[in-house]
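Below is one structure, written out as structure tokens; the observations come after it.
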Amino acid sequence: MIPTGARQVPFAGKFASSKFTLQFDGLQYSLKFDWSQKNQCWYMSLFTTDNESLFLNKKCVTNNRIAYAARGDNMPPGYFWAGEVKETNVMPGRDDFGFDKRVGVYYVSA
């Protein structure tokens, strides 16, 4: 289930690793996504525009918050969510995860 008011992060899931910059609640952040062949899952990291790590390699678990316990002054006030567009209760593979796919990453403003 996708939380109400969530904005999908335009992560394509095309490459095993990708990093890009987006704005959340008026502030710029860099997001990095990495596919783990060993664990068969995606991991997300978040950085300030100065490349300060806010959290590193948090597993993207379907229908859950990402980095739920991450706190700090530079964190965005909202939260990130890995959600299924259509619930199947099946762990997403590499090609199931990304923008306009079965599972996406969303940002929910505070």
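FYI, it's all coordinate maths here, none of it is from the lab. The shown structure was predicted, so the numbers you read here are calculated from the model rather than taken from an experiment. Because the Cβ atoms are built from the backbone with ideal geometry, glycine has one as well, and the counts that use them run over all protein chains shown.
Total residues in segment 8-21 satisfying the condition of being part of a strand (DSSP E or B) and under 12 Å from the mean Cα position of the chain (by Cα): the figure is 4. Selection over segment 62-92 of residues that are surrounded by 14 or more Cβ atoms within 10 Å (Cβ to Cβ), in contact with a Cys (Cβ under 9 Å, 6 or more places away or on another chain) and more than 19 Å from residue 30 (Cα to Cα) gives a count of 1. Within segment 79-108, the set of residues being assigned to a strand (DSSP E or B), within 17 Å of residue 4 (Cβ to Cβ) and not aliphatic (A, V, I, L, M) comprises 79, 80, 81, 83, 84, 104, 106, 107. Quick check on my filter: what residues within segment 36-78 are part of a loop (DSSP other than H, G, I, E, B), of a type in the set (Lys, Arg) and either in contact with a strand residue (DSSP E or B) (Cβ under 9 Å, 6 or more places away or on another chain) or under 16 Å from residue 94 (Cα atoms) (or both)? Result: 38, single match.
Among the residues of segment 25-34, not a single one is of a type in the set (Lys, Arg), surrounded by fewer than 18 Cβ atoms within 10 Å (Cβ to Cβ) and not in a strand (DSSP E or B). Only one of the numbered conditions (1) surrounded by fewer than 15 Cβ atoms within 10 Å (Cβ to Cβ); (2) touching a Lys or Arg at 6+ places or on another chain (Cβ under 9 Å); (3) touching a residue at least 40 places away in the same chain (Cβ under 8 Å) is not met by residue 20, and that is (3).
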